[in-house]
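Q: The following block contains the structure, expressed as structure tokens.
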Amino acid sequence: MTKSDKITAIFEEFKKLHPISIDLSLDRIQILLDRLGRPQDRLPPTIHVAGTNGKGSTIAFLKAMLIGNGKSVHTYTSPHLVHFNERIHLANSKSKTLPIDDNLLAEILQHVIRINNKEPITFFEMTTAAAFMAFSEIQADFLLLEVGLGGRFDATNVISKPRCSIITPVSIDHSDKLGSTLELIAFEKAGILKPGIPAVIGPQDPASMTSIKQTSQRVGSPLYCYGQNYLVFEEHSRLIFQSEQRLIDLPLPVLIGRNQIFNAGVAIATTLLLTDGYINTEALEYGLTKAKWPARFMRLRGEPFASWIEHETEIWLDGGHNPGASSAIAQTLADLQDRTFKPIYLITGLLNNKDAQNFFKPFLGLVKEIHTVPIPNSTMAMDTKLLANHAKSAGLTTFTANDVRSAITSIEESQDGPKRILVCGSLHLAGSILAESDTDFFA
């Protein structure tokens, strides 16, 4: 049995333990962590990150800024794109942060499953406990910890005293679990706020901001908010960060899209908070230009992708899967059109718990066609015909395809000339595309 086969077998054991019904609480993981010796109490100073969109990009910028400042950093993110190891990045002695080694991962997972002793528990709770074990045993200056779902009852919220908290923009997503309004969802996200612990807040809808402020006042968490305590904007092809203490002129982020300006701003504000404002501009520049976060408006080049298209046709990839994300994607596409016009085609797969019709609305008048595809190896993928009907209801021209490659072939054969093709709608779909390449997109 290979190392990866061993890890797959352990995950199959995890699935057998999954509760028939999931109650939103922290009881299961608290019990498991107690049995493991409470590794959550031995973590490096932790930055806890919640929000609907932008969590991963913010962490990518923040990690690079801290590394540029000479700090060592662990990260915990989800979901993974190709390999589970992507979720757990560990600092090493060469000032890098690398995915957890297969041997260490298998060893820790086996220990956790043994200590859990066949008690009902979710996959995310088990793997979060395993991640905490790894983070507690390997030294680092900081841990960047991403919430899996919501915040208040998320398995990561066993951290009692983070160094600071972050809430990125909140929008409608996971309504079945978090609530159907921005106020309710923001309340769940704000559940990570802790007494006396500062929190950096990204741009928010007024309804979300009201809910976040109510929670902060109730628990006593001081807020550092976009639009009130700091601003970030693009000016003359530069990023400008402004607060009462600093005015910083920086290069634009390497990650593409106006939304990345705001994500970068949250990271800058957090870095300044963590260093009490004492950080050189070079470290911030390093973070903005060296951050890596695959499948966020990412251009696919090289093989096998180049062989799928004609000369000058572009393939882009984005894992955005809710209306807030699709609005940001549409804005980025519009900006690209202003620079160089090419007809835009979307290839989309969504999970069946997503708001498909509102996901498609921002693309009306911008996108020529939507091609809906299944998501490989997913039991939760929305049927392609149903997904196409949602796109039609939003006023878009739609087609169905068996997979991404056949959709690209159909698009290329339908019309001559260069095109702009975007594959989007699901991180699971994005991961299946990246798995086609031998490139390590995190390297």
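Q: Taking all protein chains as present, what is the carbon and sulfur share of the accessible area of segment 334-427, in % to the nearest whole number, probe 1.4 Å?
A: Carbon-and-sulfur percentage of accessible area, whole number: 47.
Q: Pull up all non-local amide H partners of T400: gap of 5 or more, or a different chain, and H-to-H distance under 5 Å with H placed in the peptide plane.
A: Result for T400 returns T372.
Q: With θ set to phi - 60° and the Karplus curve 6.51 cos²θ - 1.76 cosθ + 1.60, what are the ³J(HN,Hα) couplings of segment 201-216 in order, to the nearest whole Hz, using x for Gly and Pro?
A: Result, rounded to whole Hz: 10, x, x, 9, 4, x, 5, 5, 5, 4, 5, 5, 5, 4, 5, 4.
Q: When the Cα centres of segment 284-306 and segment 203-264 are compared, how far apart do they sit, in Å?
A: 23
Q: Please compute the per residue accessible area over the chain with all protein chains in place, 1.4 Å probe, rounded to a whole number of Å².
A: Working: 19250 Å² over 443 residues.
The answer is 43 Å² per residue.
Q: What is the count of Lys pairs in segment 295-443 whose alpha carbons sit under 19 Å apart, if the two are 8 or more places apart or on different chains?
A: For segment 295-443, qualifying lysine pairs total 9.
Q: How large a share of the accessible area of segment 1-128, in percent, is made up of carbon and sulfur atoms when the probe is 1.4 Å and the other protein chains stay in place? Before the final figure, lay out the partial values.
A: Values: 2960 of 5790 Å².
Using a 1.4 Å probe with all protein chains present, segment 1-128 comes out at 51 percent carbon and sulfur.
Q: Name the residue farthest towards the positive end of the dipole of the chain from the options S406, I185, G56, assuming +1 on Cβ of Lys and Arg, -1 on Cβ of Asp and Glu, about the Cα centre.
A: The one lying farthest along the dipole's positive direction is I185.
Q: What number comes out for the charge environment of I138, summing +1 per Lys or Arg and -1 per Asp or Glu over other residues with Cβ under 14 Å away?
A: Values: positive: R42, K94, K96; negative: D101, E107, E137, D141.
The answer is -1.
Q: Can you tell me the FRET efficiency between L386 and H18 if r is taken as the Cβ-Cβ distance and R0 is 30 Å, rounded to the nearest 0.05?
A: After rounding to 0.05, the efficiency reads 0.70.
Q: By the scheme Lys and Arg +1, Asp and Glu -1, what is the net charge of all other residues having a beta-carbon under 9 Å from that of P343?
A: Summing Lys and Arg as +1 and Asp and Glu as -1 gives +3.
Q: Where both partners of a DSSP beta bridge lie in the chain, what percent of those bridges are antiparallel, to the nearest 5?
A: 35
Q: Provide the convex hull volume over Cα atoms per residue for the chain, in Å³.
A: That works out to 145 Å³ per residue.
Q: In whole angstrom, how far apart do the alpha carbon centroids of segment 175-195 and segment 37-96 sit?
A: With segment 175-195 and segment 37-96 each reduced to a Cα centre, they are spaced 23 Å.
Q: Rounded to the nearest 0.05, what FRET efficiency do D176 and F11 give with R0 = 25 Å and r taken as the Cβ-Cβ distance? Could you check?
A: For R0 = 25 Å, the calculated efficiency reads 0.55.
Q: Could you give the size of the charge dipole of the chain about its Cα centre, using +1 on the Cβ of each K and R and -1 on the Cβ of each D and E, expressed in debye and rounded to the nearest 20? Intermediate results must be reported in sequence, preceding the final value.
A: Details: 42 positive and 46 negative charges, 161 e Å.
It works out to roughly 780 debye.
Q: Along the charge dipole of segment 252-306, Cβ charges K/R +1 and D/E -1, which of L300, T289, G257 sits furthest on the positive end?
A: Towards the positive end, the residue furthest out is L300.
Q: Then there's this: Starting from 0.36 nm per residue, how many nanometres of slack lie between D440 and Q110 once their C-alpha separation is accounted for?
A: The D440-Q110 span can extend by a further 116.1 nm.
Q: Based on Cβ point charges of +1 for Lys and Arg and -1 for Asp and Glu, what charge dipole magnitude is obtained for segment 1-93 about its Cα centre, in debye rounded to the nearest 20?
A: 220
Q: Which one of H83, T156, V73 is farthest out on the positive end of the charge dipole of segment 58-161, using unit charges on Cβ (Lys, Arg +1; Asp, Glu -1) and the Cα centre as origin?
A: V73
Q: Further question: In segment 183-272, carbon and sulfur make up what percent of the accessible area (probe 1.4 Å)? Mind showing how you got there, number by number?
A: Details: 2060 of 3920 Å².
Percent of accessible area from carbon and sulfur atoms in segment 183-272: 53.
Q: Sticking with this one: Tally Lys and Arg at +1 and Asp and Glu at -1 over the other residues with C-beta under 13 Å from the C-beta of S432: what net charge comes out?
A: Around S432, the surrounding residues sum to -1.
The values are calculated or read from the model by the stated rules, or taken from the named source; none is laboratory data. The structure displayed is predicted, hence computed values, not measured ones. Glycine also receives a Cβ, built like all others from the backbone with ideal geometry; neighbour counts cover every protein chain displayed. Accessible surface areas use protein heavy atoms only, side chains included; no ligands, DNA or RNA. Shrake-Rupley method; radii C 1.70, N 1.55, O 1.52, S 1.80 Å.
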